[in-house]
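The values are calculated or read from the model by the stated rules, or taken from the named source; none is laboratory data. Since this is a predicted model, take the numbers as computed values, not measurements. Neighbour counts are summed over all protein chains in view; Cβ atoms, including those assigned to glycine, are modelled from backbone coordinates with ideal geometry. Surface accessibility is based on the protein's heavy atoms, side chains included, excluding ligands, DNA and RNA. Shrake-Rupley method; radii C 1.70, N 1.55, O 1.52, S 1.80 Å.
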Amino acid sequence: MAMSLLGRFAARAPVPVFPAVGRDGEVRLDVLSLAPALRVVDSPRHASILLVSGDIRTADRDSLARVHDQLAHPRATLWWGTQPRADTGAALTVAAAESPETALRDLYRRLLTGGHTSETHWLADEPPNPWRGRGDHGQGGEGMMGGVPYGRMMPMPPTPDLRDGLALDVYTAQFGPFLPQLPPGLVLEITLQGDVIQSAAVVRPPFLPGRDASAPFDRVLHEATPVAAIERARAAHHLRCVARLLGILQLAPQAARCRRTALKIERGGSIDLAPLRKTLRRAGAFAAIPAGLGPIDAAWAAELGGPAARAADQARDRRETAPAYRNLDFRTLCQSGGDVRARFTQWLDEAEQALALARAAGDAAIEKGAPVETPWGHRAPPSVYRLTDMLPGLEWGEALLTIASFDAAAVCRMAPLGIENP
Amino acid sequence: MIELLGLAAIGVIAVAAGLALQWLARADDHRVSEPQKVPFLGGGSPQVHAWQRYHVRYYSMTLLFIAFEMEMMFMYPWAVVYVAEGIKALVEMGMFLTILSIGILYGWREGIFRWQ
């Protein structure tokens, strides 16, 4: 009786949800994360419900099962716009077009009051590397150093430390594809010494941003589209990129504000970004990004195009010559650094400019099929410039900031399947 | 005697409560499974155990802190007895500071006074 009363009280709290983001599941999750009834958490240990948003690749199924099994009991899974696993029995699903907020609320209440039984594990309940009974004394490995699997590989690691030459043990692990700080789908095999990255290789590439026929940048391929709609979509895209980077800086309230603003812009609200910018400056977002972090040179910038190139002082923008922008007094904005801080500033500058253009554009429209400056640069085959070349020598936090300072399309081009590190 | 009995009673109650909690946890069939013991890497898996030699990067600051803190710890009582003991106390403190200063010199050589 007392327990069910406590359970009912607990069920009124915001629902702790860990999102496993699959293909095309990110933007709708950004919108959902603004719901006050939910608390999107960064680790399955803090969550009661696993929300699978978007299609899961076959290669990611084991990873999803591992994340699921890391949720503490009582736990449940909700499949949002994706096919549930075949072996989960009566799985709870929500269509992609619907909001799962009510379903999550209801599921959480039933989970805590005993109406929904906690899910069992999907992976076999055995250690990833069996070790019991191995070795002369059952210590889990062989030889003086303990050996494989849980001992030390060799007395000294094969690589010297990149920071001060004091070589200690290396730690190699695969990170992703559901690590909230990395782009969805990206699996990196990273070797660390302490918190400094020694080497990185792509195991699975991130998801290429999907095409949505109703989104302005894809709509313009088929029909004339208002400049205002295009520019609003650009501002919203940039603000979501800014929000992702703020999340890594642990500025969650400011990130949520960016996402909320992006949503308002998409819904046609007229917003002045100056107060947001002021908030970010006061929160120390600009200062928290180390100066000169993650620089790209001119050739690299030219290859990527878009805001990343303009952040490296390359004044290339299709809007300069586009007829629809002729009367809008458009001028290309640039930064000089080409580093993470420059790309962050560039996103904010361009979002502000895009909103100003949207206000001034009136009913000007871009003709069907006309070339448009997209917010994400070139969509082209994999680049010769690799993300994994940028990471060695960086601390963990710096590496995450560097990755988050590129939009999803650029990361896709710079992180193709690992062929560069055999 | 009565105090000892009281203490024993408290001990018995504490042990019984501990065992009862353990028994309650056993009755719950949601014991921690093997995948839950693995660190969260976003679905990825580690190749080696995290139990390993790790670089304590603040070690130089720790060295410096201990060198100066130990110095002050002994200087306060030394200052009290110095007047009574005289030159003997001065020599002993000199020896102590010499030994400590070797640590500070070592730190200096390692570059802990360089502000980064």
For residue A:257, indicate whether it is under 22 Å from the mean Cα position of the chain (by Cα) and of a type outside the set (Phe, Trp, Tyr). yes
Please state which of the following conditions residue A:385 fails to meet, knowing it meets all the rest: (1) over 23 Å from the mean Cα position of the chain (by Cα); (2) modelled with pLDDT of 90 or more; (3) crowded, with 16+ Cβ neighbours inside 10 Å. (1)
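Residue by residue, here is whether (1) modelled with pLDDT of 90 or more; (2) open to solvent by 30 Å² or more (accessible area, probe 1.4 Å); (3) in a loop (DSSP other than H, G, I, E, B) holds:
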position: A:341; (1), (2), (3): yes, yes, no
position: A:347; (1), (2), (3): yes, no, no
position: A:351; (1), (2), (3): yes, no, no
position: A:359; (1), (2), (3): yes, yes, no
position: A:368; (1), (2), (3): no, yes, yes
position: A:373; (1), (2), (3): yes, no, yes
position: A:392; (1), (2), (3): yes, yes, yes
Residue A:263 passes all but one of the listed conditions (1) free of Cβ contacts under 8 Å to residues at least 40 places away in the same chain; (2) part of a helix (DSSP H, G or I); (3) open to solvent by 20 Å² or more (accessible area, probe 1.4 Å); the exception is number (1)
Which condition number in (1) surrounded by 12 or more Cβ atoms within 10 Å (Cβ to Cβ); (2) among the acidic types (Asp, Glu); (3) modelled with pLDDT of 85 or more is the one that residue B:3 fails? (1)
What tally of residues in segment A:322-369 results from selecting those that are free of Cβ contacts under 8 Å to residues at least 40 places away in the same chain, of a type in the set (Gly, Ala, Ser) and farther than 21 Å from residue A:269 by Cα? 2
Tell me whether segment A:30-40 contains one or more residues that are part of a helix (DSSP H, G or I) and over 20 Å from residue A:257 (Cα atoms). no
When the residues of segment A:183-212 are narrowed to those that are open to solvent by less than 10 Å² (accessible area, probe 1.4 Å) and closer than 14 Å to residue A:396 by Cβ, which ends up modelled with the lowest pLDDT? A:193
Might you let me know whether segment A:298-307 holds any residue that is farther than 22 Å from residue A:409 by Cα, modelled with pLDDT under 95, surrounded by 23 or more Cβ atoms within 10 Å (Cβ to Cβ) and among the hydrophobic types (A, V, I, L, M, F, W, C)? no
Being more than 16 Å from residue A:364 (Cβ to Cβ) and among the small types (Gly, Ala, Ser) is the filter; apply it to segment A:218-260 and report the residue that is most open to solvent (accessible area, probe 1.4 Å). A:252
Here are some residues: A:12, A:8. Which one is more than 10 Å from chain B (Cβ to nearest Cβ), assigned to a loop (DSSP other than H, G, I, E, B) and farther than 25 Å from residue A:408 by Cα? A:12
